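Engineer: Okay, here's the structure, questions in a sec.
The values are calculated or read from the model by the stated rules, or taken from the named source; none is laboratory data. The structure presented is a predicted model; accordingly, all values stated were derived computationally and were not measured. Methodologically, a virtual Cβ is constructed for each residue, glycine included, from the backbone with ideal geometry; neighbour enumeration extends over all protein chains shown.
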Amino acid sequence: MVDNKSSVVTLTWQPPDNNGGRNDIAYWIDCPLCPPDTEFSPRQHDIPGLEVNVSRLESHTTYEFLVYAVNGVSEQSMATGVKQEHIVINATTFSSVPSAVREVSIDEESSSKTTLGLMWKVPMFPNGVITTYQIRYRTTVETVADSKYHYQNHQAHSEVQRTQVTGLQQGTDYVFSIAATTKAGVGEYSTPFVARTEGGPKNAPYGPAIIAGAVAAVFVIMVLVAVVIFLLICWRRRKANQLYLKIASCPNNGKKEMPPTANGMIYSNGPNGEAVILPHIGKARTYIDPFTYEDPVQAVREFATEIDASCIRILDVIGGGEFGDVCSGLMLMPDKSTRKVAVKTLKTGASDKDRADFLSEASIMGQFDDPNVIELLGVVTRTRPAMIVTEYMENRSLDTFLKENDGKFSVPQLISMMRGIASGMRYLSEMNFVHRDLAARNILVSSTLVCKVADFGLSRRKHEGAYETKGGKIPIRWTAPEAIAFKKFTSASDVWSYGIVMWEIMSYGERPYWNWPNQDVIRAVEKGYRLPPPMDCPEALHQLMLDCWQKDRNHRPTFSTIVSTLDRLTRNPHALRPLAKAGVNQMNNSFTDLTQLHSVTEWLDSIKMGRYKDTFSQAGYVRLEDIARLSQGDLPRLGVNLVGHQKKIMKSIHSIRSHLEQAEETLV
């Protein structure tokens, strides 16, 4: 299989019909035309499975892959000259962004002392509709990071494109690179092209005057740096002497005092005043609000790494965010390898406020470093569109993942997910950071079921021990009562939200408070209503949820306590055996009114099992009376194989039986 939006090839095959009587079969791949730096995942030789991903291939190229099956005696058979059997797979790669533009040259007719005219041919492989061209340029003495950018709209139906770059210095050499842009992103940059404002292209190396000027500039910079270092040393010595005199002038009862050292502090003890140097104790790291910066770009530069847009390749759009699309992509790493990443893009035409909020989210993420908090890899701010690049989480958001895998996990696996989220939130709370929007939709899940806290768009600055909203919408179903009433958020309000996340996990992504209107949720919670335990929820877990939902925020557990509690439950599986039961005052009004249901299709939709409508209909189950006779053993032949789904359906069938029996008694 070839991804038609990238140059990644996925090879799959079936095991040999005859394994030679051995079970130690492995596979290896041969690719005669692949580049030397081609990557095979999991590897090229001794592959234990039946699939391999091949990346870092050239775009729009046909490759021949030879797949061999080997075992412990394959080397001996090859030594005897026996030809090794194999299969041949041919694959042609694609690309997600345009290839490089071609034949860049100077347009002398439109050039002047401060203007350079450029012309080029469109890419050989546009891979979409080209909208604009991005011209990156700098002087020959500047680095790529100092580049400026010029944008030119695509001239339709023209093989040769032209533009003018104005505002240049006279008699100066400039380096130009051009890239085409489509909806998929910025394409490959062309080979750097050098042109001089006084005339045509100039490919000769730097002139003597430029070299001499560069050497002189370096010398001046070195002198200035030496002077600054010298002045800094003098200033620090002066401060140390002042501190020493200040300490020496204080009464000391005849004991000899010593000034603090640079890397520690002095502690004197004993009759002779012996000095002991104690190690320096650094202050715990604290979250710094990017909104305190006048310029959001300054905060980004302090907390995030700038990535060149040419290192990012967009593969596919996987979702939408507040500011633009969320895409999957590949990132070129410093060691020339590629890593799959997630890319948030800033939508075209975004306002200054949207851009500031977008950059501030990156500044927030850049301050965190924890296994259960999403990792920021870098940002793209110097080209359009602006991007936030994070690690890629294969299973995406937790709420969707749970709905797609309803009933598939054991309680210990669900607790492991809860524990990861609690650990990430413990780290954030220790950083004095309040999330304000903790929910299953804002938790991302990796291929190994590691849960990581993400989406910091609702976070705001700290004020008198709390976080104050700025007029934005509040996620009512996940928000603590005091935060709704007084618009203030603390780590304790995050604990309340965490309790809701626990409930979402145990109910496999069910909507908290079901279809209640927000005002009904607020009134019910204020009167003391709390969500009932989900089906088959251990009593200990529901009790922890109730602890998180204490009305007095001072009575709620901390995230450190929650982590310890979950660890204790994991070590003591017997504590998970008693299942919670919904009391009379905890019964929810999500119970289906069976009098309003007239068919099996409506019934399945009401319990969110609509995926089985076709199989029930094909088996002849149309009326509620038909399914009342079903037993759990009948469900597998109707396509219901998940244990969680079977329990949910049978629980509802029992309710239908009771309803029908009561109806018969009423008629009698």
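Engineer: Counting only residues that are closer than 22 Å to PHE401 by Cβ, out of contact with any Asp or Glu (no Cβ under 7 Å at 6 or more places or on another chain) and at pLDDT 90 or above, how many does segment 511-533 have? Let's see the steps before the verdict.
Structural biologist: The first filter runs over segment 511-533 and keeps only residues closer than 22 Å to PHE401 by Cβ, leaving 511-514, 531, 533.
Still in the running and out of contact with any Asp or Glu (no Cβ under 7 Å at 6 or more places or on another chain): 511, 513-514, 531, 533.
Checking the rest, the ones that are also at pLDDT 90 or above come to 511, 513, 531, 533.
Summing the residues that are closer than 22 Å to PHE401 by Cβ, out of contact with any Asp or Glu (no Cβ under 7 Å at 6 or more places or on another chain) and at pLDDT 90 or above in segment 511-533 gives 4.
Engineer: Looking for whichever is outside the structural domain of ARG511 (by TED's automatic domain parsing) and over 20 Å from LYS403 (Cα atoms) here; the options are SER599, SER606, SER652. Which one fits?
Structural biologist: SER599
Engineer: Report yes if SER423 is within 20 Å of PHE368 (Cα to Cα), in contact with a helix residue (DSSP H, G or I) (Cβ under 7 Å, 6 or more places away or on another chain), at pLDDT 95 or above and small (Gly, Ala, Ser), otherwise no.
Structural biologist: yes
Engineer: Can you work out which of the residues in segment 628-658 that are among the hydroxyl-bearing types (Ser, Thr, Tyr) and modelled with pLDDT under 80 is surrounded by the most Cβ atoms within 10 Å (Cβ to Cβ)?
Structural biologist: Once the filter is applied, the top-ranked residue is SER655.
Engineer: Does LYS344 count as in a strand (DSSP E or B), at pLDDT 85 or above and farther than 15 Å from VAL380 by Cα?
Structural biologist: Here the answer is no, as LYS344 does not meet what is asked.
Engineer: May I ask you to list the residues in segment 404-438 that are farther than 21 Å from THR565 by Cβ and of a type outside the set (S, T, N, Q)? Write out each step before concluding.
Structural biologist: Restricting attention to segment 404-438, the residues satisfying the condition of being farther than 21 Å from THR565 by Cβ are 404-408, 431-434, 436-437.
Selection gives GLU404, ASP406, GLY407, LYS408, MET431, PHE433, VAL434, ARG436, ASP437.
Okay, residues lined up against (1) among the polar types (S, T, N, Q); (2) buried (at least 16 other Cβ atoms within 10 Å of the Cβ); (3) touching a strand residue (DSSP E or B) at 6+ places or on another chain (Cβ under 9 Å):
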{"site": "SER493", "(1), (2), (3)": "yes, yes, yes"}
{"site": "TYR498", "(1), (2), (3)": "no, yes, no"}
{"site": "SER507", "(1), (2), (3)": "yes, yes, no"}
{"site": "LEU531", "(1), (2), (3)": "no, yes, no"}
{"site": "VAL563", "(1), (2), (3)": "no, yes, no"}
{"site": "ASP567", "(1), (2), (3)": "no, no, no"}
{"site": "ALA580", "(1), (2), (3)": "no, yes, yes"}
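Engineer: Turning to a different aspect of this structure: Since LEU359 meets every condition but one in (1) within 17 Å of the chain's Cα centre (by Cα); (2) part of a helix (DSSP H, G or I); (3) within 23 Å of TYR133 (Cα to Cα), which condition does it not meet?
Structural biologist: The one condition LEU359 does not meet is (3).
Engineer: Restricting to segment 580-600, give me the number of residues that are modelled with pLDDT of 80 or more and over 28 Å from CYS537 (Cα atoms). Can you show your working first?
Structural biologist: Pass one, segment 580-600, residues modelled with pLDDT of 80 or more: 580, 599-600.
Still in the list and also over 28 Å from CYS537 (Cα atoms): 599.
So the count comes out to 1.
Engineer: Kindly evaluate TYR133 against the criterion of being at pLDDT below 85, assigned to a strand (DSSP E or B) and either surrounded by 19 or more Cβ atoms within 10 Å (Cβ to Cβ) or touching a Gly at 6+ places or on another chain (Cβ under 8 Å) (or both).
Structural biologist: Answer is no for this residue.
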